[in-house]
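Reviewing the structure listed below.
The values are calculated or read from the model by the stated rules, or taken from the named source; none is laboratory data. Quick caveat: nothing in here was measured; it's all calculated off a predicted structure. For neighbour counting, all protein chains shown are included, and Cβ atoms are generated from backbone atoms with ideal geometry for every residue, glycine included. Accessible surface areas use protein heavy atoms only, side chains included; no ligands, DNA or RNA. Shrake-Rupley method; radii C 1.70, N 1.55, O 1.52, S 1.80 Å.
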Amino acid sequence: MSIANPTDREVVSTDARVGVLVMMTTAPQEWADCIRTLQGLSGVSSVRVATCEYRNASRIYNTAGVSVCEDWTISAAVASYLKSDPKLDAILLVTAPVSVPTALLDRSVRWIQDDPRIATVSFLSNAAGYLSFPYRNTASSFSISGHDENSLTRSLRQLAPDSGMVPVAVPAGSALLLNAGVMRAVGGPDATYDDQTKVSVTEYALRCARRGFQHLLDASTFVAVQWTDGFPPVEAGDDPTARHRLHTQDTSFPALYDAQKGSEKSPLAIALDVSRSKLDGLRVLVDGSCLGPMEMGTQVQTLALIESLANRTDVQSVGVGLPGGGVPSYARRLLTMPKVSFYDSGDLMFRGAPPADILHRPFQPDRTIPWDRWRGLAKRVVVTIQDLIAYRVGAYHRVGDEWMAYRKSMQDAASNSDAVVAISDDTAQSIFQEKLNIAPDRVFVVKNGSDHLDDTAAEATPIEMVEKGMAAAPFLLVLGATYAHKNRDLAIKVWQELRRRGHGIALVMAGATVAKGSSRVDEALARRDGDEMLVTMPDVSSEARTWLLRHASLVMYPTSAEGFGLVPFEAARMGTPTVHVSFGPLKELIDSPEIPVDWSIDSLADYAERLLIDPTAGKKMIASVLKSANELTWDATADVLVSAYRRTLAEVDRG
């Protein structure tokens, strides 16, 4: 039977018999609220109180349906409980006044029922030694804004991932679930240690461990220790005298306890990190070194992602590493977002940045990354692989050695990162085909959003269109850098074919010129004398790009290699249809049987002509794109990405 990752909807099995034993070590009146919350627990068959103040406690609690017993030592109280109820499955041992969530036992009792080897289950608590939460190894009064023990437990359980059963060296905390079957096998608490309840529990736990029984933490359940006389309770592992006493009994103690207490990579540390991120929100650092003076696709995507992350309640902060020169004009709206801060990262060092849960490079890892620095800054490192185009195409590199260096940077990123984000299923498949060194379960498909543009976006007429007197002329638009795989020369030939067929329409080509692997020569060869209605311009501003997308008759996008393919979505949101071939991510993301399936001039020209002369066909094409676009929002992207962050935080550090 599978017992991993139980959910908050599970309840204690009706055949489970759980008793509550309260070791009332302080004044009985201080336990009134504690007793009230314990009586409200689901699945509890009885509540017993063991106290040396029998008469006073009886006067207060016997009338409340609580049995006060005269066996006031832990060894005698446990033995008496087990003897009086031989069918008892477990005892919830409470050693200090606590407030417990009503769903406290929903998971832990099920674990014990399903696996009889489990000796004890501990819970997160504000004062539980090395299981203290949210401040690790530090007891604190419980005053987390907006939460009590019920709402906090609910939050920890509702947000994925569930840490499940977390192994710990010894139990800790003021509320522990003890497996009655294990106690019957190894004997309960030893009377020798009755003078110190915490020491008695730890000695019992060590005895269980020697027999191969297990101690677990439920890191999705929170118990609040109340501020009363004797707060905070001191765990045996943190008391020098108790440590010596227990070491004399079992020389292996406290080695593992101390190791888990200080470790940043143990299952306990991982579970505590995940739980803290659910409560306080993730601390994210984003490599924004791409945010230079020009705004192209990578910059658009990175900026939209940062904004979406910063708008989430489950993200505490977003630090952005920028190259020299400060925040570029197109990104200045980030300055108004209180969660966003900036750090110098021209050399990827994030100078002055605070510790983070996740450091994410949301674009190609195409340069050497200072892994030691990044791992010193963040608990986990995530990289995005947008595509493997330049990994596979040597023509984009000056010489073969540079191509090999680029490939090595990509390989190192996959090997050294804790997770890889692919922006489409097609890109993920390419990662697997190239056998990059990353386990399949560490590759997360997180598709880009497409709603960064809408019909309210500001526009500005490009000066080139004004100078040529073409601001009101119908035109086809090619948008994107001059990479050879963008096939801009094919767009010229399609335009020429449309002109031959009698369509008096201009062609506008906007985008940065790349130094290597450019289509400039092919474009020059494709041009003919008399192509005066062909306008070229460099990379344009956001406002000019919006104007072009909004006023174009068609967007020509004859690309043959993409990781995602954002242009058709941007165009559709501006009410403009796009001519492209159905392949890879564009086939994955846009479902339309009418889109061309090859790059022949005739098939592209035929489709373009149909869109030009038939408004219904254009609207149908736009509708097919927007059908996918409505789900491809940046909020949805951030939602999937944050889930991937938390899942990555819950896995072992690859560093």
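Here are the numbers for the structure shown:
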quantity: The chain - share of DSSP beta bridges that are antiparallel (%, nearest 5); calculated: 20
quantity: Where a label projected 7 Å from the Cα of ARG117 along Cα→Cβ would reach, residues of the stretch 248-268 with amide N under 14 Å; calculated: none
quantity: Separation in nanometres of the label points that stand 7 Å from Cα toward Cβ, at ASP401 and ASP148; calculated: 7.0
quantity: Alpha-carbon centroid distance for the pair the stretch 452-479 / the stretch 117-136, whole angstrom; calculated: 62
quantity: Environment charge of GLY19, counting only residues whose C-beta is closer than 15 Å and scoring Lys/Arg +1, Asp/Glu -1; calculated: +1
quantity: Subset of LYS198/LYS278; LYS486/LYS587; LYS278/LYS447; LYS198/LYS261; LYS587/LYS627 violating a 19 Å alpha-carbon distance limit; calculated: LYS198/LYS278; LYS278/LYS447
quantity: Nearest-ten-degree value, helix 74-84 long axis tilted from longest Cα axis of the chain; calculated: 90
quantity: GLU588, GLU70, reordered so the largest accessible area comes first (probe 1.4 Å); calculated: GLU70, GLU588
quantity: Label-point separation in nm, ALA32 to VAL652, each point 7 Å along Cα→Cβ; calculated: 5.2
quantity: Beta bridges per DSSP with both ends in the stretch 328-484, % antiparallel, nearest 5; calculated: 10
quantity: Alpha carbon centroid spacing (whole Å) that separates the stretch 370-402 from the stretch 480-529; calculated: 30
quantity: Å² of accessible area per residue within the stretch 514-620, as computed with a 1.4 Å probe and no ligands counted; calculated: 42
quantity: Gained length - ARG333 relative to LYS87, 0.36 nm times residue gap less alpha-carbon distance; calculated: 82.1 nm
quantity: Given charges at beta-carbon only (K, R positive; D, E negative), |dipole| of the stretch 101-154 in Debye; calculated: 120
quantity: Exposure ranking of LYS278, LYS83, LYS627, LYS447 by accessible area [1.4 Å probe, largest first]; calculated: LYS83, LYS627, LYS447, LYS278
quantity: Highest-first arrangement of 244-252, 302-310, 494-502, where packing means the average Cβ count within 10 Å; calculated: 302-310, 494-502, 244-252
quantity: Sorted peptide list for 63-69, 378-384, criterion being average Cβ within 10 angstrom, highest first; calculated: 378-384, 63-69
quantity: Spatial separation of Cα centroids for the stretch 218-234 and the stretch 273-291, in angstrom; calculated: 28
quantity: Cα gyration tensor of the chain - equivalent ellipsoid semi-axes, whole Å, descending; calculated: 65, 23, 21
quantity: Nearest 10 degrees, 0 to 90: helix 542-551 Cα axis against the chain principal axis; calculated: 60
quantity: Check: the chain dipole with +1 on Lys, Arg Cβ and -1 on Asp, Glu Cβ, in debye; calculated: 540
quantity: Rounded accessible area per residue of the stretch 33-150, 1.4 Å, Å²; calculated: 39
quantity: Angle in degrees between helix 400-416 and the longest Cα principal axis of the chain, rounded to the nearest 10; calculated: 30
quantity: With every protein chain in place, the chain: carbon and sulfur % of accessible area (1.4 Å); calculated: 50
quantity: DSSP beta bridges in the stretch 291-396 [antiparallel fraction, %, rounded to 5]; calculated: 10
quantity: For the chain, with +1 on Lys and Arg beta carbons and -1 on Asp and Glu, the positive-most of GLY321, SER143, MET294 along the dipole; calculated: SER143
quantity: The chain - percent relative contact order, Cα under 8 Å, separation 6 or more; calculated: 10
quantity: Net lengthening on full extension, MET537/SER140 (0.36 nm per residue, minus Cα-Cα); calculated: 136.7 nm
